[in-house]
Amino acid sequence: MSDRTPRTDAAPAPDCTLVIFGATGDLTHRLLMPALYNLARWKLLPARFAILGVSRSAMSSQDYRADLTERVRGFITKKGGEAGGGTFDEAVWSGLADRISYMPGDLADPNTFAALKESLAKAPGGGSVLFYLAVAASLFGPTVRRLGEAGLLEEPEGAWRRVIIEKPFGHDLDSARALNREIRGFLAEEQIFRIDHFLGKETVQNIMAFRFGNGMFEPLWNRDHICHVQITVAETVGVEGRGRFYEATGALRDMVPNHLFQLFTLVAMEPPVSFAAEAVRDKKQEVLLATPSAAPEAAVRGQYAAGRVQGRPVGDYRHEPDVAGDSRTETFVALRLAVDNWRWAGVPFYLRTGKAMARRDTEIAIRFKPAPLALFRGTGVDAPVENWLLLQLQPDEGISLQFGAKIPGPKVSIDTVDMRFCYKDHFKVEPSTGYETLIYDAMIGDSTLFQRADMIEEGWRVVQPILDAQASEPALYAAGSAGPAEADDLLAREGRTWRPLHEA
């Protein structure tokens, strides 16, 4: 394990208290606490810092710390997890655990917020508080409202109050607008941090640096040189006991307006005037404004049936716990988007995401236009080599470029070769959850990697016609496959095919 740590030139975040609503939930155990542990290891947490967990479970602070210790140790050391494969530093965790306290409370009870106000008055964070809503989406608005009514969102002199809100932010365009109105009744936009953990991944953050920091690529990043773009987020897991949540959400709501659109806008955006938060977010918003609403016929919804995923038998989605026997909820969605601006006119963007698929694979694939074959007349070269630029987010973060090279020998034959760059091999980075950067940025007030209200609403606007047409039966696909055949047809209409899922 390398001693190299991210943000080695960054200063610790300013003094504050972190309040986590939903402190006993899976998100807190699996991602937030390991991220805070890593920030402590990297010496990026404030000098005066406290964590206050709030949840309905009745327990003492001592019991809560003991439970966290075992869970976080397991997630840090378990190989194959999102932050796993590392060494658990007992001294670092002990120092962090000493700052953790717990308060049982029901978020529907005003007394919870009165007690919270008393606790925060004694906290060492100097009056600055970051509230993290790791709770069900239905509680986002009511929790912000009760914080506001209790006076907990008013910023003391020389201090700040901010709120991190998880996804999904709304379940359609109208609900997203309503939620924005509700929370902005108590918070200024600069106090709101709508989080998407995809933007904490190094490869995602590197897209802008890769595009705008290398003179060889940006001149090619347009309709003159690019044929089409494919963005894939494939998972091997099914719903994993989250049937009740998934039945109310589905793959489209869960993944497209947030995760996939973050990748889509980073690829398609124009160069910002700087890396300042509003400059970057303005350019991402311009992409969404230039994207027409998706037509239902340009989308495919699918649902997994029984099959085998990497040798493991998987049953029908409709037989999962808390899933209706006649469910029409999609576990897969693919769609074709267009961007009606000067750079991208005529270049299709194909997006797909699904559960219980052949491989875990998150990839942005950029296909360049083929070279003319006139030069190769009479050589036996009768088809152009496919040129791809591949930005791999998982399972192994990296970048590769595929191009043609002559096969040695007297005959003119061309084969595809790869140039590959792998983050973990070159930079020797340690495992992380992706939340480290986002929590740190919220503490220092940098909203670059967070969504603005208008971006959220435009994302829902693009997919709303597909949501309106969801009464139809989803196409079935076998678990362990690459999705339904109808998704292949979506590209075949234009003479294209999906890239195979990444080979592990």
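Looking for something free of Cβ contacts under 8 Å to residues at least 60 places away in the same chain, open to solvent by 10 Å² or more (accessible area, probe 1.4 Å), within 26 Å of residue 392 (Cα to Cα) and part of a strand (DSSP E or B) - is there at least one such residue anywhere in region 295-310?
Checked region 295-310: no residue is free of Cβ contacts under 8 Å to residues at least 60 places away in the same chain, open to solvent by 10 Å² or more (accessible area, probe 1.4 Å), within 26 Å of residue 392 (Cα to Cα) and part of a strand (DSSP E or B).
Against the conditions (1) more than 16 Å from the chain's Cα centre (by Cα); (2) farther than 21 Å from residue 487 by Cβ, where does residue 246 fall short? Just the number, please.
Condition (2) is where residue 246 drops out.
Among the numbered criteria (1) open to solvent by 20 Å² or more (accessible area, probe 1.4 Å); (2) without any contact (Cβ under 8 Å) to a residue 40 or more places away in the chain, which one does residue 150 miss?
Checking residue 150 against (1) open to solvent by 20 Å² or more (accessible area, probe 1.4 Å); (2) without any contact (Cβ under 8 Å) to a residue 40 or more places away in the chain, the one that fails is (2).
Looking only at residues in region 183-220 that are modelled with pLDDT of 95 or more and buried (at least 16 other Cβ atoms within 10 Å of the Cβ), which one is farthest from the chain's Cα centre (by Cα)?
Among residues in region 183-220 that are modelled with pLDDT of 95 or more and buried (at least 16 other Cβ atoms within 10 Å of the Cβ), the one farthest from the chain's Cα centre (by Cα) is 186.
Tell me, yes or no, whether region 413-423 has at least one residue that is modelled with pLDDT of 75 or more, assigned to a loop (DSSP other than H, G, I, E, B) and open to solvent by 70 Å² or more (accessible area, probe 1.4 Å).
Within region 413-423, not a single residue is modelled with pLDDT of 75 or more, assigned to a loop (DSSP other than H, G, I, E, B) and open to solvent by 70 Å² or more (accessible area, probe 1.4 Å).
Just to be sure before I move on: is residue 232 among the polar types (S, T, N, Q) and at pLDDT 95 or above in the structure I sent?
Taking the combined requirement at face value, the residue satisfies it.
What do you reckon, is residue 271 part of a loop (DSSP other than H, G, I, E, B) and in contact with a Phe, Trp or Tyr (Cβ under 8 Å, 6 or more places away or on another chain)?
So residue 271 passes the test.
Checking residue 488 against (1) in a helix (DSSP H, G or I); (2) without any contact (Cβ under 8 Å) to a residue 12 or more places away in the chain; (3) over 30 Å from residue 307 (Cβ atoms), only one condition comes out false. Which one?
Status for residue 488: all satisfied but (3).
Every residue in region 102-131 that is of a type in the set (A, V, I, L, M), open to solvent by 60 Å² or more (accessible area, probe 1.4 Å) and assigned to a loop (DSSP other than H, G, I, E, B), please.
Answer for region 102-131, where residues must be of a type in the set (A, V, I, L, M), open to solvent by 60 Å² or more (accessible area, probe 1.4 Å) and assigned to a loop (DSSP other than H, G, I, E, B): just 108.
Of the residues that sit in region 311-356 and are touching a helix residue (DSSP H, G or I) at 6+ places or on another chain (Cβ under 6 Å) and among the small types (Gly, Ala, Ser), which one is most open to solvent (accessible area, probe 1.4 Å)?
Residue satisfying both the conditions and the ranking: 325.
The values are calculated or read from the model by the stated rules, or taken from the named source; none is laboratory data. The model shown is predicted, which means the values in this text are computed figures rather than measured ones. Don't worry about glycine lacking a Cβ; one is built from the backbone with ideal geometry, like all the others, and counts go over all protein chains shown. In case anyone asks, the SASA skips ligands and DNA or RNA and just uses the protein heavy atoms, side chains included. Shrake-Rupley method; radii C 1.70, N 1.55, O 1.52, S 1.80 Å.
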